[in-house]
1. Restrict the check to the stretch 46-61 and report whether at least one residue is modelled with pLDDT under 55 and loosely packed, with under 12 Cβ neighbours inside 10 Å.
2. Restricting the stretch 121-147 to residues that are of a type in the set (D, E, K, R) and surrounded by 12 or more Cβ atoms within 10 Å (Cβ to Cβ), which is farthest from the chain's Cα centre (by Cα)?
Amino acid sequence: MSITRTTRRTRAKIAVSIGALAAGSLILTACSGSSGSKRDGTYYIKDVNGTSDLGQLVVKGNSVSHHEYDCDGVYEKPDVTSTGEFNKDQSQIIWTVAGEDTRNKRTGSEPISTSDTSISISGSVYVRDSSDAGKALLDGFKAKCGK
């Protein structure tokens, strides 16, 4: 009988230990990694790549997607899409998937700088959609497109 009790106690201790380790792992995972950052959000630029298209930059954690819209596309799907990620020291975007459109200039890596309301990529300034400049830019684009 004492062997049965000891085995049950050992199993119970192991189960509690595994549960504690799993809970600790979940807490550490939630506190690190790609949790939202201050720069997460959507940013816009007018006349992207020298066109009259609207450029949209979406940042979520270390992931970045870049979309280009013409007047019709802003209400549907983008004409050009590229995806990338920030490098380790957050000083560059490394483009990992380039869009198929020949106008796409998002390849390799590009230097960035950030502020509370904008992200500059190779000198081109994208403004946060919720900023005054972002709202004005979007309103102007919608007015230009007649929608």
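1. Restricting attention to the stretch 46-61, the residues satisfying the condition of being modelled with pLDDT under 55 are none.
Taking every residue of the stretch 46-61 in turn, none turns out to be modelled with pLDDT under 55 and loosely packed, with under 12 Cβ neighbours inside 10 Å.
2. Taking the stretch 121-147 and keeping what is of a type in the set (D, E, K, R), we get 128-129, 132, 135, 139, 142, 144, 147.
Going one step further and asking which of them are surrounded by 12 or more Cβ atoms within 10 Å (Cβ to Cβ), we end up with 128-129, 135, 142, 144.
On the way: R128: 13, D129: 14, K135: 20, K142: 24, K144: 28 Å.
Checking each candidate, the answer is K144.
The values are calculated or read from the model by the stated rules, or taken from the named source; none is laboratory data. Everything numeric in this text was worked out from a predicted model, so none of it was measured. In this analysis, Cβ positions are derived from the backbone assuming ideal geometry, glycine residues included, and neighbour counts consider all displayed protein chains.
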